[in-house]
1. Mind checking which of 97, 72, 17 has the largest fluctuation in a GNM of the chain, springs on alpha carbons under 10 Å?
2. With axes computed from alpha carbons, what is the tilt in degrees of helix 81-111 against the longest principal axis of the chain, rounded to the nearest 10 within 0 to 90?
3. If each of residue 74 and residue 45 carries a label point 7 Å out from its Cα toward its Cβ, how far apart are those two points in nm?
4. Would you mind checking the tilt of helix 56-75 against the longest principal axis of the Cα atoms of the chain, expressed as 0 to 90 degrees and rounded to 10?
5. If you rank 84, 47 by fewest surrounding Cβ atoms within 10 Å, what's the result?
6. Quick one: what do you get for the chain if you divide its Cα Rg by 2.2 N^0.38 Å?
7. Taking the Cα-to-Cβ direction at residue 81 and at residue 111 and moving 7 Å from each Cα, how far apart do the two end points lie in nm?
8. In degrees between 0 and 90, to the nearest 10, how far off the longest principal axis of the chain does helix 44-53 point, with axes built from Cα atoms?
Amino acid sequence: MNMSGRCAGCKYLRRRCPSDCILSPYFPSSDPQRFASVHRIYGASNVAKMLQELMPHLRAQAAETLRYEAQCRIQDPISGCVGVISQLHQQIQDTECQLAKTRAEVALMNSDGQEPPQAQADQQI
């Protein structure tokens, strides 16, 4: 149990926080919104069950992942975190395409015997 009393989960659910509360280490009373968003998407009992089924060293990362996925689902109820992943994937593809174009331009300039504009400016200095 937290030194300050009940964890955010037990406060939200208006129950006593037992000393072995599975939610207490991952949902501190100082951050009630963290639990509220996870509860809204997954439900308190489901979150507790998921955490209990994991080995203790994996629980903190799982709680953080649940929080992130819940926040994404609240912001984008249709795509959730998959929408964020898709956007990032598209940005990577766009950047790789731009990089390929830039490399082709540099190769073309080098094959014509020209140096890139920055190299020419450096030589003049």
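1. 97
2. Approximately 10 degrees, to the nearest ten.
3. 2.3
4. The answer is roughly 70 degrees.
5. Going from least to most buried by this count: 84, 47.
6. Rounded to two decimals, the normalised Rg is 1.83.
7. 4.5
8. Between the helix axis and the principal axis of the chain, the angle is about 80 degrees.
Rule-based calculations on the coordinates, nothing more; no lab input. Everything numeric here is computed off the predicted structure, so don't read it as measured data. Cβ sites come from the backbone with ideal geometry, for glycine too, and all protein chains shown count toward neighbours.
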